[in-house]
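Novice: Pasting a structure here, questions to come.
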Amino acid sequence: MATNNKSNFPLTASITAQTFKESIIKHLNATHGTDINKATNRSWWDAVTSALNEHVHSSLSQTQRTYFENDTRAVHYFSLEFLMGRLTGNNLHNLGLYDVAKQALNELNVDITELVDEEEDMALGNGGLGRLAACFIDSLATMHLPAVGYGIHYEHGLFRQEFQDGHQIERPDSWREYGNPFEICRPESIQEVPVYGYVETKFDDNGGISKVWHPGRVIKGVPWDVPIVGYKGTNVNILRLWESRASDFFNWDVFNAGGYHDAHKENVEAETVSKVLYPNDDTDAGKELRLMQQYFFSACSLKDIIKRYQRVHNDDWSHFSTQVAVQLNDTHPAIAIPELLRILVDEYGQDWDYAWTICRETFSYTNHTLLPEALEKWSVRLFEKLLPRHLEIIYEINQRFLATEVEAKWPGNDLVKSKLSIIEEGNERMVRMGNLSVIGSNKVNGVAEVHSALVKTDLFPEFDALWPEKLTNVTNGVTPRRWLKACNPSLSDLIDRTVGDQWPTNLELLRELDKSADDLAFQKEFMAIKHDNKVELAKVIKELTNVEVDPSAIFDIQIKRLHEYKRQHLNLLHIMALYRRLLQNPDYDMHPRVFIFGAKAAPGYALAKDIIYAINKVADKVNNDPRINNKLKVVFLPNYRVSLAEKMIPAADVSEQISTAGKEASGTGNMKLALNGAITIGTLDGANIEIAEEVGIDNVVIFGLTVDEVKAVNKAGYSPWDYYYGNPEIKAVLDWFETDYFTPGKPGELASIKHSLLEGGDPYLCLADFDGYSKAHQQINTKYTDKRGWAKSAILNTAYMGKFNSDRSIQDYVDRIWKLKPYPVKNA
Ligand code: 26Q
């Protein structure tokens with residue numbers, strides 16, 4: 001039925017397929033200069049987005065007016081990454097217009113699913129951290145909370161991945177090459193940001209000291225606003241992304257002096273700042289341009305916030321931290337802390353202690369990793385060159401902190417001071433962004449219970465002793481609008497019919513499904529939907545890889561960035577072991593299985609790329625081996641991204657969450673997969689622990705060393721060789737890597753994996769966990785043969801995922817950190 005559900009979507013209740021169709025045709029002509037006879041898919045898409053934007057933009061204006069008139073306290077989510085994916089389907093769903101648009105297009109002989117496939121993903125992020133930011137701003141708008149997302153308007157998002165002979169090739173992503181209908185340029189809100197130069201110390205007549213920063217150049221920030229449509233469309237918040245340009249002033253100065261080429265060079269350099277998203281690559285750490293990006297967008301955003309604040313409060317700073325909360329998405333925007341202090345002290349002449357109090361009340365910081373190599377550090381040398389005044393300010397913050405707070409708690413203890421110092425001494429002095437973030441924040445949170453506990457005990461124990469209230473937990477969540485309602489319409493329909501249609505804003509309502517978990521008819525319906533979704537994914541697999549897979553096989557999916565700690569290579573070892581068992585015993589008892597991967601490796605991460613290559617090579621061999629009777633298939637889908645995830649997740653039977661315990665801060669793919677009825681095979685790591693608690697131990701398969709056992713093994717001295725010599729299957733599989741079995745004529749091409757697991761010391765304990773993992777898979781196999789038992793577990797996974805919705809995470813942030821009030825917009 002293509003009319004609107006009036007009670008759910010009062011705002012768009014009067015829109016019918018007919019009126020929407022008229023609007024599409026109107027925009028096709030008037031806005032996009034074409035007509036129904038010659039419109040391409042792109043023109044249809046343009047016209048639909050224009051029709052849609054009529055509603056988005058009116059709610060946007062009303063929302064912003066409501067916030068302004070009420071002078072609302074707001075949260076400002078600072079993030080280098082927003083992994084938005086596609087917006088058309090999501091916005092249609094959130095406005096209750098998806099079915100209306102579908103029918104309108106149908107009447108115009110256009111297929112809506114083909115049309116939404118026209119849209120390039122907005123891939124302005126690497127993975128979990130960026131997608132979390134996107135889920136959070138969806139929740140903030142849905143919950144009517146005043147919020148702005150601030151980030152960078154990258155010209156090129158995360159690279160597009162292709163495979164050539166199984167190797168990853170990176171191609172540039174150009175998501176907005178032909179324009180993007182969801183963003184609005186706001187030249188009236190341009191900001192200018194100084195960089196480089198030197199600091200002058202001035203003495204006034206009374207002997208007072210002040211600092212004047214003489215910047216070497218100025219970069220212009222042009223804001224692009226992406227409207228964020230909350231569910232039901234009442235509140236539309238803003239994601240404001242800054243694009244860098246050369247400052248007009250500098251440009252014309254040089255130009256007029258006859259330096260056309262120099263002016264052009266300045267242009268190019270300034271525009272480089274927002275040119276491309278950095279992949280999360282340790283080899284790229286410490287790059288000047290990355291620090292420039294961090295400062296550029298933090299400074300633009302703070303100026304934007306201050307400008308808005310001053311419209312009401314002028315130069316009275318006493319209300320700043322009651323009006324403004326800033327959340328730092330990891331340490332990436334931590335430079336905002338000294339920047340706010342600099343503005344208050346240098347530009348507005350505020351007293352240092354007063355300014356520092358405001359800073360500390362304003363900022364909070366979310367930590368997303370414990371991996372030592374991922375903790376951000378910048379060389380003092382680089383800082384001094386790019387941000388000389390900020391370096392001075394950081395030294396001053398540090399000196400005061402160590403001399404007062406640390407000295408009071410640990411008098412004369414230089415060891416503690418060296419640990420808590422923002423500056424790391426050594427060969428090259430470094431600025432520790434983590435310490436700066438903790439010291440300058442009001443709250444610090446980890447992203448799952450176990451992770452937050454480790455932040456306290458292992459990462460920042462002294463800070464926890466100093467400020468027992470500061471370190472806290474907010475377990476991650478995902479938006480059920482995108483990750484269930486929009487991506488899995490058949491399951492959403494079944495849920496609507498079973499528990500009502502209010503679950504998208506109250507996911508705990510899914511709990512009611514547990515009453516149907518034993519019901520045969522319901523089980524059949526639930527599993528039929530899963531089967532249909534697998535049929536659809538099988539088509540995608542065929543298109544992308546030319547491999548045919550059987551939808552009645554178990555679809556076993558591992559989707560996430562490629563990293564040793566996430567252990568895609570443990571999955572691979574097990575696949576090779578299964579293959580070998582099948583070769584040695586054609587009657588080996590297993591339900592047919594398709595192992596499906598999606599992952600990008602950072603371009604400079606050689607071993608990660610080798611693992612992709614190895615999986616592709618094993619896949620080639622396995623998929624073309626007639627001896628194993630199609631019992632085993634392996635596919636690696638290229639260019640994993642949000643829109644591909646939306647096709648894979650609804651089709652998963654098994655969710656691979658197999659990181660070494662203590663390494664995955666939370667994981668969020670684990671939540672999306674379980675929400676769609678996949679059974680987790682996982683370690684006791686990150687949010688897996690809480691997922692297991694929620695769904696019950698009978699409905700997940702847990703294996704492997706625990707956090708404490710990992711610590712104990714490492715302390716005792718771990719030797720992978722013990723497992724190599726102790727388990728003939730492990731030995732056979734590892735030795736296989738050195739032959740040319742998977743790479744005919746090219747022996748040794750896969751040797752780096754064996755090498756890392758033996759001579760390299762197997763830092764992520766793959767061999768130690770192999771046996772447990774293998775047995776866990778046997779459990780999965782047995783469980784799947786019990787059709788009713790499996791269906792029940794799958795249903796209960798969906799039923800008990802209420803906790804892991806991002807509305808709950810946001811409510812936790814509101815209660816514990818942001819102290820915000822909702823302002824539902826009353827639409828005229
Ligand atoms: C660092 C330096 C230079 C360039 C890039 C980076 C960089 C970029 C992105 C470092 C890290 C990231 C992203 C990290 C990330 O996605 N972490 C994940 O965050 C999720 C949300 O909290 C968690 O669920 C995952 O466990 C965590 O790995």
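Novice: What number goes with the only condition from (1) in contact with a strand residue (DSSP E or B) (Cβ under 7 Å, 6 or more places away or on another chain); (2) outside any loop (DSSP other than H, G, I, E, B) that S139 does not pass?
Specialist: Here S139 meets the rest and fails (1).
Novice: Still on this structure, please answer the following. Take the range 324-349 and flag every residue that is surrounded by 19 or more Cβ atoms within 10 Å (Cβ to Cβ) and more than 16 Å from the ligand (Cβ to nearest atom).
Specialist: V324, A325, V326, A336, I337, P338, E339, L340, L341, R342, L344, V345
Novice: What strands (runs of 3 or more DSSP E) completely inside the range 291-382 contain at least 2 residues that are hydrophobic (A, V, I, L, M, F, W, C) and under 24 Å from K819 (Cα atoms)?
Specialist: Output list reads 324-329.
Novice: Residue check: is A101 farther than 30 Å from G667 by Cβ and surrounded by 23 or more Cβ atoms within 10 Å (Cβ to Cβ)?
Specialist: Considered against the rule, which asks whether it is farther than 30 Å from G667 by Cβ and surrounded by 23 or more Cβ atoms within 10 Å (Cβ to Cβ), A101 comes out as yes.
Per-residue answers, yes or no, for (1) assigned by TED's automatic domain parsing to the domain that holds H563; (2) part of a helix (DSSP H, G or I); (3) under 30 Å from the mean Cα position of the chain (by Cα); (4) among the small types (G, A, S):
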| position | (1), (2), (3), (4) |
| --- | --- |
| D685 | yes, no, yes, no |
| E690 | yes, yes, yes, no |
| D698 | yes, yes, yes, no |
| E709 | yes, yes, yes, no |
| Y723 | yes, yes, no, no |
| L734 | yes, yes, no, no |
| F742 | yes, no, no, no |
| G745 | yes, no, no, yes |
| E759 | yes, no, no, no |
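Novice: A further question on this structure: (1) without any contact (Cβ under 8 Å) to a residue 24 or more places away in the chain; (2) within 16 Å of the ligand (Cβ to nearest atom); (3) buried (at least 16 other Cβ atoms within 10 Å of the Cβ): which one isn't true of S421, the others all being true?
Specialist: The single condition S421 does not satisfy is (2).
Novice: Hey, can you tell me all the residues within the range 686-713 that are free of Cβ contacts under 8 Å to residues at least 40 places away in the same chain and exposed (fewer than 13 other Cβ atoms within 10 Å of the Cβ)?
Specialist: Listed by number, the residues that qualify are I697, D708, A712.
Novice: Is at least one residue of the range 251-267 buried (at least 20 other Cβ atoms within 10 Å of the Cβ), modelled with pLDDT of 95 or more and either not in a helix (DSSP H, G or I) or not assigned by TED's automatic domain parsing to the domain that holds N91 (or both)?
Specialist: no
Novice: Same structure, new question: Please find, within the range 684-721, the residue that is nearest to the ligand (Cβ to nearest atom) out of those that are under 25 Å from P480 (Cβ atoms) and polar (S, T, N, Q).
Specialist: Among them, the one singled out is N688.
Novice: Return the residue satisfying two criteria in turn: it lies in the range 273-287 and is at pLDDT 95 or above and of a type outside the set (K, R), and of such residues it is nearest to the ligand (Cβ to nearest atom).
Specialist: The qualifying residue nearest to the ligand (Cβ to nearest atom) is Y278.
Novice: So R131 fits all but one of (1) within 16 Å of the ligand (Cβ to nearest atom); (2) surrounded by fewer than 21 Cβ atoms within 10 Å (Cβ to Cβ); what number is the exception?
Specialist: (2)
Novice: Take the range 578-609 and flag every residue that is within 19 Å of H755 (Cβ to Cβ) and either within 16 Å of the ligand (Cβ to nearest atom) or of a type in the set (A, V, I, L, M) (or both).
Specialist: Within the range 578-609, A601, G604, Y605, A606, L607, A608 qualify.
Novice: Given (1) without any contact (Cβ under 8 Å) to a residue 24 or more places away in the chain; (2) acidic (D, E); (3) in a helix (DSSP H, G or I), identify the lone condition not met by D35.
Specialist: For D35, the exception is condition (3).
Novice: Now for a different question. Tell me, yes or no, whether the range 653-676 has at least one residue that is more than 16 Å from the ligand (Cβ to nearest atom), small (G, A, S) and not in a helix (DSSP H, G or I).
Specialist: Checking the range 653-676: not a single residue is more than 16 Å from the ligand (Cβ to nearest atom), small (G, A, S) and not in a helix (DSSP H, G or I).
A quick yes/no check of all residues on (1) touching a Ser or Thr at 6+ places or on another chain (Cβ under 9 Å); (2) small (G, A, S):
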| residue | (1), (2) |
| --- | --- |
| R581 | no, no |
| Q584 | no, no |
| H591 | yes, no |
| Y605 | yes, no |
| K609 | no, no |
| A619 | yes, yes |
| I628 | no, no |
| P650 | yes, no |
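Novice: Here are N109, N126: which of them is within 16 Å of the ligand (Cβ to nearest atom), more than 16 Å from R240 (Cα to Cα) and surrounded by fewer than 24 Cβ atoms within 10 Å (Cβ to Cβ)?
Specialist: That would be N126, the only listed residue that is within 16 Å of the ligand (Cβ to nearest atom), more than 16 Å from R240 (Cα to Cα) and surrounded by fewer than 24 Cβ atoms within 10 Å (Cβ to Cβ).
Novice: Among H591, H569, which is the only one that is more than 33 Å from the chain's Cα centre (by Cα) and of a type outside the set (A, V, I, L, M)?
Specialist: H591
Novice: Would you call R561 buried (at least 20 other Cβ atoms within 10 Å of the Cβ), in contact with a Gly (Cβ under 7 Å, 6 or more places away or on another chain) and within 29 Å of L158 (Cα to Cα)?
Specialist: yes
Novice: Another question, then. Only residues that are away from the ligand (no atom under 16 Å from the Cβ), more than 20 Å from C185 (Cα to Cα) and crowded, with 24+ Cβ neighbours inside 10 Å: list them for the range 147-161, please.
Specialist: Within the range 147-161, no residue meets the criteria.
Novice: Another one. Of the numbered conditions (1) surrounded by fewer than 22 Cβ atoms within 10 Å (Cβ to Cβ); (2) touching a helix residue (DSSP H, G or I) at 6+ places or on another chain (Cβ under 9 Å); (3) under 26 Å from A674 (Cα atoms), F597 fails exactly one; give the number of that condition.
Specialist: (1)
Novice: Of the residues that make up the range 70-77, is at least one surrounded by fewer than 19 Cβ atoms within 10 Å (Cβ to Cβ), acidic (D, E) and without any contact (Cβ under 8 Å) to a residue 60 or more places away in the chain?
Specialist: no
Novice: Another question, then. Hey, could you check the range 359-397 for residues that are free of Cβ contacts under 8 Å to residues at least 40 places away in the same chain and not acidic (D, E) and say which is farthest from the ligand (Cβ to nearest atom)?
Specialist: Among those residues, the one meeting the criterion is Y395.
Novice: Restricting the search to the range 424-454, which residues are within 16 Å of the ligand (Cβ to nearest atom) and aliphatic (A, V, I, L, M)?
Specialist: Residues satisfying the conditions are M430, V431, M433, L436, V444, V447, A448, V450, A453, L454.
Novice: To continue, here is another question. Using the structure shown, decide if R561 is assigned by TED's automatic domain parsing to the domain that holds Y773, under 17 Å from I681 (Cα atoms), within 27 Å of the chain's Cα centre (by Cα) and not small (G, A, S).
Specialist: Spelling it out, it is not the case that R561 is assigned by TED's automatic domain parsing to the domain that holds Y773, under 17 Å from I681 (Cα atoms), within 27 Å of the chain's Cα centre (by Cα) and not small (G, A, S).
Novice: Filter the range 500-510 down to the residues that are surrounded by fewer than 17 Cβ atoms within 10 Å (Cβ to Cβ) and under 17 Å from F804 (Cβ atoms) and list them by number.
Specialist: N506, E508
The values are calculated or read from the model by the stated rules, or taken from the named source; none is laboratory data. The structure displayed is predicted, hence computed values, not measured ones. Backbone-built Cβ (ideal geometry, glycine too); neighbour counts: all protein chains shown.
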